[in-house]
1. When you check residue B:183 against the structure, is it modelled with pLDDT of 95 or more and within 17 Å of residue B:83 (Cβ to Cβ), yes or no?
2. Looking only at the stretch B:111-124, decide whether some residue is away from chain A (no Cβ under 13 Å) and either buried (at least 24 other Cβ atoms within 10 Å of the Cβ) or of a type in the set (Ser, Thr, Tyr) (or both).
3. Going by what's in this entry, would residue B:156 be described as in a helix (DSSP H, G or I), farther than 22 Å from residue A:126 by Cβ and hydrophobic (A, V, I, L, M, F, W, C)?
4. Quick check on residue A:15: is it modelled with pLDDT of 95 or more and either within 14 Å of chain B (Cβ to nearest Cβ) or farther than 27 Å from residue A:177 by Cβ (or both)?
5. I'd like the full set of residues that are assigned to a helix (DSSP H, G or I), within 7 Å of chain B (Cβ to nearest Cβ) and over 18 Å from the mean Cα position of the chain (by Cα), limited to the stretch A:125-153.
6. Find the residue count for the stretch B:171-206, including only residues that are under 28 Å from residue B:249 (Cβ atoms) and in contact with a Pro (Cβ under 6 Å, 6 or more places away or on another chain).
7. Tell me, yes or no, whether the stretch A:47-62 has at least one residue that is surrounded by fewer than 23 Cβ atoms within 10 Å (Cβ to Cβ), within 30 Å of residue A:275 (Cα to Cα) and in contact with a Ser or Thr (Cβ under 9 Å, 6 or more places away or on another chain).
8. Give me the pairs, please: first residue somewhere in the stretch B:6-19 and over 16 Å from residue B:71 (Cα atoms), second residue anywhere and of a type outside the set (Val, Ile, Thr) and buried (at least 18 other Cβ atoms within 10 Å of the Cβ), beta-carbon distance under 6 Å, and either six or more positions apart or on two chains.
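The values are calculated or read from the model by the stated rules, or taken from the named source; none is laboratory data. These numbers were taken from a predicted model, which means no experiment stands behind them. Note that each Cβ is placed from the backbone with ideal geometry, even for glycine, and that neighbours are counted across all protein chains shown.
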Protein chains: 2
Amino acid sequence: METTEFQAYVHALRERTDAALRRVLPPADAVPVRLHAALSYAVLQGGKRIRPLLVHAAGHALGASPELLDGPACAVELIHAYSLVHDDLPAMDDDDLRRGQPTVHRAYDEATAILVGDALQTLAFAQLARAEAGERQSALLHALSEGAMDMVRGQALDLSLVGTQTDIATLQTLHALKTGALIRAAVRLGGLCAGSPEDPRLDALDSYARAIGLAFQIQDDILDETEDTATLGKRQGADRALDKPTFVSLLGLDRARERARQEVERALTALSGFDSAADPLRHIARYIVERNH
Amino acid sequence: METTEFQAYVHALRERTDAALRRVLPPADAVPVRLHAALSYAVLQGGKRIRPLLVHAAGHALGASPELLDGPACAVELIHAYSLVHDDLPAMDDDDLRRGQPTVHRAYDEATAILVGDALQTLAFAQLARAEAGERQSALLHALSEGAMDMVRGQALDLSLVGTQTDIATLQTLHALKTGALIRAAVRLGGLCAGSPEDPRLDALDSYARAIGLAFQIQDDILDETEDTATLGKRQGADRALDKPTFVSLLGLDRARERARQEVERALTALSGFDSAADPLRHIARYIVERNH
């Protein structure tokens, strides 16, 4: 798969995901109007759609049909979207800007933002009711809830570490929960749509997912340090300002970059037994450390 | 079924539900400790467990086994529990007291309370992964997500009505969403555990659920007006203090009581085609307007 071909693949899946998300959201003009408008605002402002992309690419690698993958892809993105809305709240990270726009509690109000996050999580799980029933549905539900639960655990751990001395092992544990768990869930959901929960290829996909999850977070820390607010769409240096430990603050910029590259190599190695159907996953791994926002 | 027999039934199911909830919650001493302790605090402080009781009683009415009902019963209670934690937040109802104890954000902190609510919703949906797979699981997931979504819609509508003139029809719509939807979900989940989503008896159960949902809310408004803070376990007159419309403020105490009784009659009529297996549901309907907290 050529780079331009991959770019077209990413673009097509982003459009596909956005269309699927629009179908899933309540019409913005339905009662209660303010809640529904805020739901659309929270979800349809853009976003890289990396998690839905992972659902589709993992499903593609094992031969699942795209139609089966839309539900889980939306589910994972809606969990991600809810977590952003709640993380931005004043009692949490207190962020005013997200994807270059006012955060939900700034554009609406705090009560609405709390309810928007709650509703997005409900909508996320509702998407799995559309998957074909049977053993698969139970496994999908299990994978999504485990990812969502670990994400909250990670967020709680993150809050507890603010202002403390943190070593690299703790930081890795933190991010394995906070961002890694949902990335693993995305890959597993995609893989599950192709076959049985016992398929041994799911283990290889999971090794891939762990590695890119870590690479993703390291790259986020690097970008937080090196890119400006306009490029990021959120406040540059936000983590540093909150005195949160990052891979850059613990390793320095050069070693952080090296570590991210190592994780990408580890991800590619995990896919060594896969044919060209896994090329999108391979490109995603490289994209993660090449992106600038 | 005699009243004493019903009381023993309620007691046994409350114990059963509490035991099931304890199995479902992460150990309070697992990392991150603060989050897990707060999860237990939010769920295991007591509570009437009316929704799990409804799941079991509805399942019992149609012949479902109690083992099948534990998952959905926990799921509905966990959705209810999450909604209380978030509703009590300063940006929402700003309540300090719940079931006679400090609310989660008072006992812990606001960020923890937000995460506790989020985690409880995740845990709720995770409970459905344990049900036997197939058509039933999809229907259960659909019923729970619909109830949870309408509940959030009701909460948003409620916030939008504070300080406005509200008529009785609007108030009814509000509560059909805010508290009614989850009560209907509880009854439907129980019914679904007994058979097919096409079973016509589910419609009769739904009429029952709509009526007791309304009676429940009217009785809540009556108690908010007539009982003291110690009996309620929350601040007496809280709704009035917030200038929220209630059935008592719109109808007066006598007509509100009369209306609650009418809804109980409607609920009992809906069950007229059911045998004695529906006796717990009949007792619950009467209990709802006889309770004092």
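1. On the way: modelled with pLDDT of 95 or more: yes; within 17 Å of residue B:83 (Cβ to Cβ): yes.
Against the criterion (modelled with pLDDT of 95 or more and within 17 Å of residue B:83 (Cβ to Cβ)), residue B:183 qualifies.
2. From the stretch B:111-124, those away from chain A (no Cβ under 13 Å) are none; that's our starting set.
The answer is no; no qualifying residue exists.
3. Numbers: in a helix (DSSP H, G or I): yes; farther than 22 Å from residue A:126 by Cβ: no; hydrophobic (A, V, I, L, M, F, W, C): yes.
It is false that residue B:156 is in a helix (DSSP H, G or I), farther than 22 Å from residue A:126 by Cβ and hydrophobic (A, V, I, L, M, F, W, C).
4. Numbers: modelled with pLDDT of 95 or more: yes; either within 14 Å of chain B (Cβ to nearest Cβ) or farther than 27 Å from residue A:177 by Cβ (or both): yes.
So residue A:15 fits the description; yes.
5. Narrowing the stretch A:125-153 to residues assigned to a helix (DSSP H, G or I): A:125-128, A:135-153.
With the extra rule that they be within 7 Å of chain B (Cβ to nearest Cβ), the set shrinks to A:125-126, A:128, A:135, A:137-138, A:141-142, A:145, A:148-149, A:152-153.
Once the filter is applied, which keeps residues that are assigned to a helix (DSSP H, G or I), within 7 Å of chain B (Cβ to nearest Cβ) and over 18 Å from the mean Cα position of the chain (by Cα), the stretch A:125-153 yields A:126, A:135, A:137, A:138.
6. Residues flagged as under 28 Å from residue B:249 (Cβ atoms) and in contact with a Pro (Cβ under 6 Å, 6 or more places away or on another chain) within the stretch B:171-206 amount to 1.
7. Kept after step one, since they are surrounded by fewer than 23 Cβ atoms within 10 Å (Cβ to Cβ), are these residues of the stretch A:47-62: A:47-50, A:60, A:62.
Add one more test, that the residue is within 30 Å of residue A:275 (Cα to Cα), and what stays is A:47-50, A:60, A:62.
So of that shortlist, the ones also in contact with a Ser or Thr (Cβ under 9 Å, 6 or more places away or on another chain) come out as A:49.
Within the stretch A:47-62, one or more residues are surrounded by fewer than 23 Cβ atoms within 10 Å (Cβ to Cβ), within 30 Å of residue A:275 (Cα to Cα) and in contact with a Ser or Thr (Cβ under 9 Å, 6 or more places away or on another chain).
8. Pairs found: B:6/B:283; B:9/B:280.
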